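See structure below.
The values are calculated or read from the model by the stated rules, or taken from the named source; none is laboratory data. Just so it is clear, the structure is predicted and the values come from calculations on it, not from any experiment. Cβ placement follows ideal geometry from the backbone for every residue including glycine, while neighbour counts extend to all protein chains displayed. Accessible surface is based on the protein model in full, side chains and every heavy atom, while ligands, DNA and RNA are left aside. Shrake-Rupley method; radii C 1.70, N 1.55, O 1.52, S 1.80 Å.
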Amino acid sequence: MVEQDTIKLLRECDAGIKMGVTSIHDVYEHINSQKLRDILNASKDQHDKLDKELQELLGSYNDEGKNPNPIAKGMSWMKTTVKLGMDDSDKTVADLMTDGCDMGIKSLNRYLNQYEAADEKSKNICKRLIKLEEELRAQMQEFL
């Protein structure tokens with residue numbers, strides 16, 4: 001049970017990281033403020049660093065991870081495209097990123113509770129990812 005929960009939690013974290021990095025990529029060309037660009041670059045770098053650690057752990061279980069749900073990914077892209085099409089501003093970018101962080105935090109906490117038998121190393125990665133999302137959400141406030 002521990003190994004199954006561990007792998008499932010790691011897969012959800014993998015999908016979450018991929019979704020977060022894709023979201024940053026989707027809004028990047030619409031950013032006007034250098035400060036906002038720097039914040040999102042730093043967040044992407046932190047996600048990439050955590051992803052390397054996550055991939056090593058997944059590899060130790062001979063697992064290739066998980067891609068984000070295609071429907072969720074498509075809906076996110078659509079929402080981003082429509083909102084930025086109507087208002088191409090840093091405020092809109094911050095709003096979209098805040099919504100994404102909120103959804104990520106909620107999902108990751110749910111998975112952390114659902115896969116309670118996961119090992120501590122995997123839980124720690126999940127908690128660190130939640131913290132990254134919380135920090136990014138807080139940094140978006142000044143642009144809203």
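Odds and ends about this structure:
- Test: residue in the range 8-25 that is more than 18 Å from Asn69 (Cα to Cα) and not hydrophobic (A, V, I, L, M, F, W, C): no
- One residue alone among Ser60, Ser43 is in contact (Cβ under 8 Å) with a residue 60 or more places away in the chain and either closer than 15 Å to Ile125 by Cα or not hydrophobic (A, V, I, L, M, F, W, C) (or both), and that residue is Ser43.
- Any hit, the range 17-26, residues being within 15 Å of Ile125 (Cα to Cα) and open to solvent by 50 Å² or more (accessible area, probe 1.4 Å): yes
- Tally of residues being in contact with a Ser or Thr (Cβ under 8 Å, 6 or more places away or on another chain) and buried (at least 19 other Cβ atoms within 10 Å of the Cβ) across the range 27-41: 1
- Residue match in the range 80-102 (condition: under 29 Å from Glu56 (Cβ atoms), open to solvent by less than 30 Å² (accessible area, probe 1.4 Å) and among the aliphatic types (A, V, I, L, M)): yes
- Looking only at residues in the range 107-144 that are of a type in the set (A, V, I, L, M) and surrounded by fewer than 19 Cβ atoms within 10 Å (Cβ to Cβ), the one that is farthest from the chain's Cα centre (by Cα) is Ala117.
- Which numbered condition Asn69 misses (of (1) touching a residue at least 40 places away in the same chain (Cβ under 8 Å); (2) surrounded by 18 or more Cβ atoms within 10 Å (Cβ to Cβ)): (2)
- Residue list for the range 86-106, restricted to those being of a type in the set (Gly, Ala, Ser) and more than 11 Å from the chain's Cα centre (by Cα): Ser89, Ala94
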